[in-house]
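Let me begin by presenting the structure, written as structure tokens, before commenting on it.
The values are calculated or read from the model by the stated rules, or taken from the named source; none is laboratory data. Quick caveat: nothing in here was measured; it's all calculated off a predicted structure. Here the Cβ positions follow ideal geometry from the backbone for every residue, glycine too, while neighbour counts run over all protein chains shown.
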Amino acid sequence: MKNILPGLTALVATIMVPGTQAWANAETGQPFDWQLGFQRAASPVMEAIATLHNQVLILITIITLFVLGLLIYVAIKFNAKANPNPSKVTHNTLIEVLWTAIPIVILVVMAVPSFKLLYYQDTVPEKVDLTIKATAYQWFWSYEYTDAGFEFDAFKMEQEDAEEEGEPYLLATDTKVVVPVGKVVRVQLIAADVIHAWAVPALGVKMDAYPGRLNELWFQVDEPGVYYGQCSELCGQGHAFMPIAVEAMDEADYQEWLAEAYDEYARVRSDVDVAAAQIDTTR
Ligand SMILES: [Cu+2]
């Protein structure tokens, strides 16, 4: 019963208060038992996605209840017992115009905020604070901090290590992507072998990484924390073993990390250690 309560609370709050994040009381940006809706939003884009989702949910609930009401009305009023001599009417121009026009109006009403959001998430803001180039390999990610001039690889964290660190296995990585809170981060995406995708639900980002083509996405993290994601394009047998972990820090902590990371990673790298990417899929 205790487990059902957050879900019920979320359901009631979602129905009663449009646009709220009913799951905001969840402690982390991760999924939890009996969750309804998305993971807790941690970026303006994800907040906008959740809001639009909740608004459309209200709209489809009203439409579904209306259609259900009509069906019940028809089943009761026009069944063979209640209505032994059926009407022979086959056309009613007014109703036909209405049931064409009203759905079109509803679709247009839905399209306006939907397209607004689509362009909002698609357009990288002019002022970018940090650019990270993510390269996808079978089966890990490599991150280059282009301005600072260093790069590192991020492999999945082994199960024993994840349990020890209290991090979710298959979502945690041995090295995290670190970003400052409240800053616009641009991620440029490319793949070295096959198509992969870089996705972090709490940040509202998901973008394919192609060989030979540079894609880009942007996000801005609202509060410090670790946000997990996964490769979201089937990319081979190790597809499930190339997670993404983004850690957002306050500016001061970020600068400290940056200095340390520079000392550790800045180097000229001749090639990627592909042998290290071989994943034991037997476990
Ligand atoms: Cu992949």
- [ ] Report yes if some residue within the range 98-121 is in contact with an Asp or Glu (Cβ under 8 Å, 6 or more places away or on another chain) and touching a residue at least 12 places away in the same chain (Cβ under 8 Å); otherwise report no.
- [x] no
Task: Hits in the range 107-132 - residues which are farther than 16 Å from M46 by Cα and either hydroxyl-bearing (S, T, Y) or surrounded by 13 or more Cβ atoms within 10 Å (Cβ to Cβ) (or both) - done: M110, V128, D129, L130, T131, I132
- [ ] Just give me the residues in the range 148-165 being farther than 11 Å from Y262 by Cα and either more than 23 Å from the chain's Cα centre (by Cα) or of a type in the set (A, V, I, L, M, F, W, C) (or both), in sequence order.
- [x] A154, F155, M157, E158, Q159, E160, D161, A162, E163, E164, E165
Open item on the list: Among the numbered criteria (1) within 15 Å of the ligand (Cβ to nearest atom); (2) in a loop (DSSP other than H, G, I, E, B), which one does D222 miss?
Closed with: (1)
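Starting from residues that are of a type in the set (A, V, I, L, M) and in contact with a Lys or Arg (Cβ under 8 Å, 6 or more places away or on another chain), keep the ones in the range 98-139 and report whichever is nearest to the ligand (Cβ to nearest atom).
Filtering first and then ranking leaves I132.
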Open item on the list: Just to verify a result, which residue in the range 225-242, among those that are among the aliphatic types (A, V, I, L, M) and touching a strand residue (DSSP E or B) at 6+ places or on another chain (Cβ under 6 Å), is farthest from the ligand (Cβ to nearest atom)?
Closed with: V226
Task: Unmet criterion (only one of (1) more than 16 Å from the ligand (Cβ to nearest atom); (2) within 22 Å of A192 (Cα to Cα); (3) among the small types (G, A, S)) for A245 - done: (1)
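Using the structure shown, decide if A136 is over 19 Å from the mean Cα position of the chain (by Cα) and assigned by TED's automatic domain parsing to the domain that holds Y254.
Spelling it out, it is not the case that A136 is over 19 Å from the mean Cα position of the chain (by Cα) and assigned by TED's automatic domain parsing to the domain that holds Y254.
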TODO: Look at W198 and say whether it is touching a helix residue (DSSP H, G or I) at 6+ places or on another chain (Cβ under 6 Å), of a type in the set (F, W, Y) and surrounded by 20 or more Cβ atoms within 10 Å (Cβ to Cβ).
DONE: no
Open item on the list: Within the range 134-173, take every residue that is under 14 Å from G229 (Cα atoms) and among the charged types (D, E, K, R) and give me the one that is surrounded by the most Cβ atoms within 10 Å (Cβ to Cβ).
Closed with: K156
- [ ] Return the total of residues in the range 167-216 being more than 16 Å from the ligand (Cβ to nearest atom), hydrophobic (A, V, I, L, M, F, W, C) and part of a strand (DSSP E or B).
- [x] 3
- [ ] Output the residue which, of all residues in the range 225-235 that are part of a loop (DSSP other than H, G, I, E, B) and of a type outside the set (D, E, K, R), is surrounded by the fewest Cβ atoms within 10 Å (Cβ to Cβ).
- [x] L234
